[in-house]
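One structure below.
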Amino acid sequence: MRPLSEQTVLITGATDGLGRALALDLAGRGMTVLAHGRDEERLQALLAELGPEARTYRADLSSLAEVRAMAEAVEADVDRLDVLVSNAGIGRDVPGGPERQESADGLELRFAVNYLAGYLLTRELLPLLRAAGEARIVNVSSAAQMPIDFDDVQLLDGYSGTRAYSQSKLAQIVSTVDLAEELQGTGVTVNALHPATFMPTKIVATPTSTIEEGVEATARLVVDPDLAGVTGRYFDGLRETRAHEQAYDPEARRRLRQLSDELVG
């Protein structure tokens, strides 16, 4: 890969928590950071810290139209993308209470934001990633994983925030394994990780680890030269491990890919 000072990284969910700390860390290493967030004021505050080469993109990832618009904005600004970090997400509990909620497109909210938005953004930006020659996709997932119920992905029956969150996070990993196989030989790698357990972010009530731990684990997948060519893997912090078995089921991967393509149109 190119020297870090010549690389461009896009981070979703970059205005607070792990995303913000990661953006500052990677900018400090010399990378040009493209930062996504939902709040323009927070984006401008972050931009002031990232330096003159950085760019910001405001989008609500619960809207597929806004995801597409952000991808178009990125494509207008850069001719290649060395790293995409899909970090944005919502936890088990969201504003509005524990009841099932839907996205702007009428989809179960956590599946839409935590998984489908990243799936669409990655697909839209693949030409820029391929243009880099060697590029990395890093999906920030979770150790909280529950199997995808293809008969009720929208969780209309037996809904719970924990189930919704855990299904969306496993979907990220299933898609990671699937896309890694698709991109073999292209120079683009894709991996997923659980950065750290209960970091002090807005979606965690009682932290048990530090943001720094999460940054170290995530940044490693972005910059470590020893991981060049490593793809389709799942990491728990700094340790490679196995995700839920559904992630390695070819039929589950096929069904999720087909469903995702249908949902994003």
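The values are calculated or read from the model by the stated rules, or taken from the named source; none is laboratory data. These numbers come from a predicted model, not from an experiment. Ideal geometry is used to build each Cβ from the backbone, glycine not excepted, and the neighbour counts take in all protein chains shown. The protein model used for the area step is the full one, side chains on, heavy atoms only, and it has no ligands, DNA or RNA in it. Shrake-Rupley method; radii C 1.70, N 1.55, O 1.52, S 1.80 Å.
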Whole-number accessible area per residue in Å² for the stretch 4-264, which is evaluated in the context of all protein chains at 1.4 Å: 42
Calculated FRET value between Tyr159 and Arg130, using beta carbons and R₀ = 25 Å, to 0.05: 0.05
Between the stretch 221-265 and the stretch 31-95, the Cα center-to-center distance that results, in Å: 22
Efficiency of FRET from Cβ geometry, Arg100 and Ala73, R₀ 30 Å, rounded to 0.05: 0.45
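Counting DSSP beta bridges with both partners in the stretch 112-265, what percentage is antiparallel, nearest 5?
Around 25 percent of the beta bridges assigned by DSSP in the stretch 112-265 are antiparallel ones.
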Beta bridges per DSSP with both ends in the stretch 4-264, % antiparallel, nearest 5: 15
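Mean residue ellipticity at 222 nm from the helices of the chain, using -39,500 (n - 2.57) per DSSP H segment of n ≥ 4 over the full residue count, to the nearest 500 deg cm²/dmol?
Details: 7 runs with 102 residues, N = 265.
Helices in the chain give a 222 nm mean residue ellipticity of -12500 deg cm²/dmol.
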For Thr56, distant residues with modelled amide H under 5 Å away: Ala35
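Applying 1/(1 + (r/R0)^6) with R0 = 30 Å to the Cβ-Cβ distance of Glu53 and Thr210, what FRET efficiency is obtained, to the nearest 0.05? It would help to have the intermediate numbers written out before the result.
Working: r = 28 Å, r/R0 = 0.94.
Computed FRET efficiency for Glu53 and Thr210: 0.60.
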Among Gln101, Pro52, Gly91 - extreme Cα towards positive end, dipole of the stretch 36-108, charges at beta-carbon: Gly91
Percent carbon-and-sulfur accessible area, the chain, ignoring ligands, DNA and RNA, probe 1.4 Å: 47
Label-point gap, in nm, between Glu251 and Ala228 - each point 7 angstrom along Cα→Cβ: 4.1
Solvent accessible area, Å² - Asp236, 1.4 Å probe, full protein context: 60
Cut-off under 5 Å, modelled amide H: who pairs with Val190 long-range: Ile137, Gly232
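Taking the Cβ of Leu170 as the center, what net charge do the other residues with Cβ under 12 Å away carry, scoring Lys and Arg +1 and Asp and Glu -1? Walk me through the numbers before you get to the answer.
Values: positive: Arg110, Arg163, Lys169, Arg253; negative: Asp149, Glu245, Asp249.
The answer is +1.
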Summed side-chain charge close to Leu179 - residues other than Leu179 whose Cβ falls under 14 Å, Lys, Arg +1, Asp, Glu -1: +2
